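Read-outs throughout are calculated quantities, based only on the coordinates presented, and are distinct from any laboratory measurement. All values derive from a computational prediction rather than experimental measurement. Cβ placement follows ideal geometry from the backbone for every residue including glycine, while neighbour counts extend to all protein chains displayed.
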Amino acid sequence: MAEAQDRYKAVVIERTYDAPPEMIWRMWTEAEHFAAWYGPEGAAITVKEMNLRVGGRRLVGMEMQTPNGAMQMWFTGEHREVVEHRRLVYTESTADADGNVLSPTETGMPAGHPTTTEVTVEFEDLDGRTRLVLTHAGVPADSPGAIGWTMALDKLTAYMAASRDAD
């Protein structure tokens, strides 16, 4: 029974942005924008591949300093649903720099961590503003992954504000 319940664990975060869905969509789907805000504070992001079509591959690297030294991680996945300005669904697995999926034990994840998780991002137009709902299925709400997503969405807010100020 616990295994069945674990499958339904998910990080769910909702934010409202003072920008239209088209702008928020670009932040998620254009490599240069995604690399500017994705990941926790202090992480350097490399987008090696972002093929935005159903079946298209993603390959994103993250490098950061930890108390134990430099750490580098890669994430790969496939776009499952692409509905422009409305909905983006993709899988995510830890991988090597070539996109070969690694098992959770190879990456130091705890026992029972799924090899593949699924990220769903929904964009709702609120008369020029955007309600964004992020659901990362397979990642518990009290996990480091949840903290990372919160930090990343905070960075997205700051990145968008800085982009508007530069205009």
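Tabulated results
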| read-out | value |
| --- | --- |
| Bins of 10 Å from zero: percent of alpha-carbon pairs in the chain | 10, 38, 38, 12, 1, 0 |
| Whole-Hz ³J(HN,Hα) from phi, Karplus 6.51 cos²θ - 1.76 cosθ + 1.60, for segment 82-99, glycine and proline x | 9, 10, 3, 6, 10, 7, 9, 10, 8, 8, 8, 9, 6, 8, 8, 5, 9, x |
| Equivalent ellipsoid semi-axes, segment 58-143, via Cα gyration tensor eigenvalues times 5, rooted, Å | 27, 15, 14 |
| Residue with peak Gaussian network fluctuation, the chain [Cα springs, cutoff 10 Å], from Ala70, Ala141, Ala97 | Ala70 |
| Dipole axis of segment 2-166 (+1 Lys, Arg; -1 Asp, Glu on Cβ), positive-most option in Leu153, Ala95, Leu134 | Leu134 |
| Acute angle (nearest 10 degrees) that the helix 144-166 long axis makes with the longest principal axis of the chain, alpha-carbon atoms | 20 degrees |
| Fewest-first ranking of Leu132, Leu52, using other Cβ atoms within 10 Å as the exposure measure | Leu52, Leu132 |
| Highest-MSF residue in the chain out of Asp96, Asp18, Asp142 [GNM, Cα springs under 10 Å] | Asp142 |
| Label-point separation in nm, Thr157 to Glu32, each point 7 Å along Cα→Cβ | 2.6 nm |
| Mean separation of Cα contacts under 8 Å (6+ apart) over length of segment 1-146, as relative contact order % | 28 percent |
